[in-house]
Amino acid sequence: NSCGQLGLGENTKTQQSGEGILIQELLNFKISDIFAGNDHSMCFGSLRELSKNRNESTGINSLSNKVLQYLFVWGDNSHGQLGIEHKENENDINNNDDDDNNDIILKPTKLSLNENPYSYAITNDSLVNLTGGLYFSVVLFSSGKLFTFGDNQFSQILTIDKSERPCQMSKHIPKEYGKIIRAITSANSLLLITDKNKLIIFGKFNSPLI
């Protein structure tokens with residue numbers, strides 16, 4: 001838990017009792033998929049929320065239940081693998097507090113995959129899988145949209161160097177290859193499978209592929 005990857009709100013203790021610990025931020029969250037990387041974690045699921053609606057013709061307010069989908073991330077973010085941008089200001093040079101510059105996220109935090117970085121709910125799509133490597137993360141939806149973020153040393157996420165905000169990598173895949181239906185990762189590589197039986201490979205491989 002040195003990087004806070006257990007989501008406990010601190011990174012000084014390890015859990016060795018054999019008993020699980022409830023993560024308070026996820027108590028009412030219905031998890032559909034979870035990824036535990038080297039030092040970072042992600043989970044995807046749904047949360048029932050109350051919303052207030054106003055009828056403009058009558059002026060009456062009413063409450064309704066909505067089930068919204070979210071992606072939570074936590075742990076090591078030193079390579080941008082949580083998709084959260086590092087804070088940059090004139091005090092950073094003299095600031096050694098990892099929490100202040102987003103190097104480490106100690107509690108599950110909502111991540112936006114929308115153009116508006118403050119809009120967190122994910123609508124009109126369903127998750128296929130979460131995955132990632134040593135220092136990068138991958139999120140694939142049933143629409144074929146593929147988001148990647150983190151380290152790109154071996155061109156495993158198809159960005160220039162490092163992406164600290166989620167990038168829709170699927171925009172760069174030729175349409176004739178088909179829709180991405182599965183994403184598979186290793187430490188420094190990414191394999192994509194499409195509905196036209198294409199295998200697309202990115203990154204570093206230490207042994208031959210068959």
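The values are calculated or read from the model by the stated rules, or taken from the named source; none is laboratory data. The structure presented is a predicted model; accordingly, all values stated were derived computationally and were not measured. Heads up, the Cβs are rebuilt from the backbone with ideal geometry, glycines too, and the neighbour counts pull from every protein chain shown. Each accessible area value is taken on the protein alone, full model and side chains, heavy atoms only, with ligands, DNA and RNA left out. Shrake-Rupley method; radii C 1.70, N 1.55, O 1.52, S 1.80 Å.
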key: Qualifying residue in region 194-207 (condition: open to solvent by less than 40 Å² (accessible area, probe 1.4 Å), of a type in the set (D, E, K, R) and either in contact with a strand residue (DSSP E or B) (Cβ under 6 Å, 6 or more places away or on another chain) or not in a loop (DSSP other than H, G, I, E, B) (or both))   = no
task = List every residue pair whose Cβ atoms sit under 6 Å apart, with the two residues 6 or more apart in sequence or on different chains, where the first one lies in region 165-185 and is over 27 Å from SER78 (Cα atoms) and the second, anywhere, is in a helix (DSSP H, G or I) and of a type in the set (Ser, Thr, Tyr).
result = ILE180/SER170
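Would you confirm whether or not region 168-179 contains a residue that is assigned to a strand (DSSP E or B), closer than 20 Å to ASN114 by Cα and either open to solvent by 60 Å² or more (accessible area, probe 1.4 Å) or touching a Leu at 6+ places or on another chain (Cβ under 9 Å) (or both)?
Yes: one or more hits.
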ask   = For region 106-148, what are the residues that are open to solvent by less than 50 Å² (accessible area, probe 1.4 Å) and of a type in the set (Phe, Trp, Tyr)?
value = PHE136, PHE141, PHE147
request  = Look at SER32 and say whether it is modelled with pLDDT of 95 or more and not hydrophobic (A, V, I, L, M, F, W, C).
outcome  = yes
query = For region 100-116, what are the residues that are in a loop (DSSP other than H, G, I, E, B) and over 13 Å from the mean Cα position of the chain (by Cα)?
reply = ASP100, ASN101, ASN102, ASP103, GLU115, ASN116
ask   = Residues of region 67-86 being surrounded by fewer than 21 Cβ atoms within 10 Å (Cβ to Cβ) and either over 13 Å from the mean Cα position of the chain (by Cα) or more than 20 Å from GLN153 (Cα to Cα) (or both), which ones?
value = VAL67, LEU68, GLN69, TYR70, SER78, HIS86
query = Limited to region 55-66, what total is found for residues that are loosely packed, with under 10 Cβ neighbours inside 10 Å and in a strand (DSSP E or B)?
reply = 6
